[in-house]
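The values are calculated or read from the model by the stated rules, or taken from the named source; none is laboratory data. Just so we're clear, the structure is a prediction, and the values are computed from it rather than from any experiment. Every residue, glycine as well, gets a Cβ built from its backbone with ideal geometry; the counts of neighbours run over all protein chains shown.
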Amino acid sequence: MRLPNFPRTVPGTAVHVTAIGDVVRNRASRGPPVKRERDGTESHITAARTNTVTPGNSPVSQCEVPSGIVTTVRIAFQGESGAYSEAAALRFAPKADVLPCRSFEDVFTAVTEGRATHGILPMENSIGGSIHRNYDLLVEHELPIVGEVELRVDHCLLALPGTPMEAVKVVYSHPQALAQCEDFLQRLAGVDIVAVYDTAGAAKMVRESGRDDAAAVASKRAAEVFNLEVLRESVQDFEGNITRFFVIARSGRDVPEANKTSIVFALQSKPGTLFRALAGFALRDINLTKLESRPLRGRPWEYMFYVDVDVARDSLACGRALADLGEFTQWVRTLGSYKSGKGREDV
């Protein structure tokens, strides 16, 4: 079974350099204007950072987000009610209002335009791997990461009430969910596998179609929302199925308990550059929890690298490691500093 890939887009212009405690040179020839923050950080001057959040038409809730600040919180997520992203949003801020969006791009737009204070994006699954499109979108937009959520995912096969298992001829779900259930789906003889925009959206399609030969891979919550029957539970290939989400916001306010930082950079094309670029973290006992390359569009066989490190951005060690990193990069950018979601994935 072949699953469709997400489209990939990487901006062609350079981005700014961010470091704490040290100034890192930006060797890129072009880039947006930057301003100096009080903590020494350089950041773009953009409307997304300076405008006041204006709630939309739907009701909102007053709640305390993990930063400890009581505020009006509305979290945009991709999908329909019952999606795993919705569950992750409510894990981050249980009393928040949620705003369903059709696409990941729409999540960024909702936050940028002020219709939501935050957005939540699935970034990586322990079975299916990274969702590359969302990593690319982080680079394309000026919305910092302010939180991380790990959510245990339990996929179910859903159909209209009374549908027997042997009657199922087509299964709908999101490409990532289909990838996570590949072994189970391959054992369904004569069944067509169709990728759609969302797991809960797949459940909605089954309900609205009225087809008694259609099923969806989605959550138990989606079964409740769309009045479907669970034909099979836990159809994912591995029991330890966890999805990691990033929470983005318009404001990059410091997170008091931040202990993790995400960065992205592009290297000079020279032998041993990646080794030298990351040595600054190793020398300071900073643990790298993720390292992944992505192609630079329009520049064949050149790459940018995403790195997660187990340290707060405003620590002296991280600032100096970023300064060292800047000596070997074309550009480097801090995507955000936040509290790790590790170990808090159970519902």
Of the conditions (1) crowded, with 22+ Cβ neighbours inside 10 Å; (2) touching an Asp or Glu at 6+ places or on another chain (Cβ under 7 Å), the single one that Ala110 does not satisfy is (2)
Restricted to region 183-211 and to residues being charged (D, E, K, R) and surrounded by fewer than 16 Cβ atoms within 10 Å (Cβ to Cβ), the residue nearest to Thr243 (Cα to Cα) is Asp183
Among strands (runs of 3 or more DSSP E) entirely within region 77-158, at least 2 residues that are assigned by TED's automatic domain parsing to the domain that holds Val247 and free of Cβ contacts under 8 Å to residues at least 60 places away in the same chain occur in 97-101
Flagged in region 255-273 as outside any loop (DSSP other than H, G, I, E, B) and at pLDDT below 95, in numbering order, are Leu267, Thr273
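Working only within region 113-130, note down all residues that are more than 26 Å from Glu257 (Cβ to Cβ) and either among the acidic types (Asp, Glu) or surrounded by fewer than 22 Cβ atoms within 10 Å (Cβ to Cβ) (or both).
Listed by number, the residues that qualify are Glu113, Gly114, Arg115, Ile127, Gly129.
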- Is there a residue being out of contact with any Phe, Trp or Tyr (no Cβ under 8 Å at 6 or more places or on another chain), farther than 23 Å from Ser126 by Cβ and of a type in the set (S, T, N, Q) anywhere in region 286-309? no
Filtering region 283-323 down to residues that are in contact with a Gly (Cβ under 7 Å, 6 or more places away or on another chain), touching a residue at least 60 places away in the same chain (Cβ under 8 Å) and assigned to a helix (DSSP H, G or I) yields Leu316, Gly319, Arg320
In region 324-338, is there at least one residue being of a type in the set (A, V, I, L, M, F, W, C) and either touching an Asp or Glu at 6+ places or on another chain (Cβ under 8 Å) or free of Cβ contacts under 8 Å to residues at least 24 places away in the same chain (or both)? no
Practice task
Examine region 208-215 for a residue that is more than 29 Å from Phe108 (Cβ to Cβ), touching a residue at least 40 places away in the same chain (Cβ under 8 Å) and part of a strand (DSSP E or B), and state whether such a residue exists.
Solution key: yes
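Would it be correct to say that Gly240 is part of a helix (DSSP H, G or I) and surrounded by fewer than 21 Cβ atoms within 10 Å (Cβ to Cβ)?
The answer is no for Gly240.
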Taking region 245-293 and the residues there that are of a type in the set (Lys, Arg) and surrounded by 20 or more Cβ atoms within 10 Å (Cβ to Cβ), the one that is farthest from Thr117 (Cα to Cα) would be Lys260
